[in-house]
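One structure below.
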Amino acid sequence: MDFSLIIPFVAVCIPIVALARRPFERWLEAKERIAQATSNDAAERAAQYAAKTERLESRVAVLERILTDRGTHLSDEIERLRDRPLN
């Protein structure tokens, strides 16, 4: 093995690595910002879906109550609910 080539190789590699370090760090920071933005977007959508699901479950509960409550008149109940805001 020719050790006379190792020292020049190392002498060339050290400055290259030192110069490439900062762009690599910037690239990593950009990737981290993208991942954080994606995570925030996913969390916001999950919260919106949860709120929508809660509203739909509330509406289904009202419909179940209307269908199972035999003591009320269906049309009167629908008219009363129509005037009430959803949330």
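If you project the alpha carbons of the stretch 1-51 onto the principal axes, what extent comes out on each, in Å, largest first?
For the stretch 1-51, the Cα spread along each principal axis is 70, 22, 5 Å.
For residue 21 and residue 44, FRET efficiency with R0 = 30 Å and r from the beta-carbon atoms, rounded to 0.05?
In this case the efficiency is close to 0.30.
Under 20 °C and 1.002 mPa s, how fast does the chain diffuse according to Stokes-Einstein, given a Kirkwood radius computed over C-alpha pairs? Answer in µm²/s, whole number. Working shown, then result.
Numbers: Rh = 19.5 Å.
Rounded, D is 110 µm²/s.
Between residue 3 and residue 56, how many nm apart are label points set 7 Å from Cα along the C-beta direction?
With each label placed 7 Å out from Cα toward Cβ, I get 7.3 nm.
Could you work out how far helix 74-83 tilts from the main Cα principal axis of the chain, as a 0 to 90 degree angle to the nearest 10?
50 degrees
To the nearest 20 Debye, how big is the dipole of the stretch 11-83 about its Cα centre, given +1 on the beta carbon of each Lys and Arg and -1 on that of each Asp and Glu?
On the way: 13 positive and 13 negative charges, 109 e Å.
Taking the Cα centre of the stretch 11-83 as origin, the dipole is about 520 debye.
Compute the angle between helix 6-68 and the longest alpha-carbon principal axis of the chain, please, reported from 0 to 90 degrees and rounded to the nearest 10.
Approximately 0 degrees, to the nearest 10.
Values quoted throughout were computed directly from the atomic coordinates according to the rules given, and no laboratory measurement underlies them. Nothing here was measured: the structure is a model prediction, and the numbers come from that model. Counting neighbours? That spans all protein chains shown, and the Cβs are built from the backbone with ideal geometry, glycine included.
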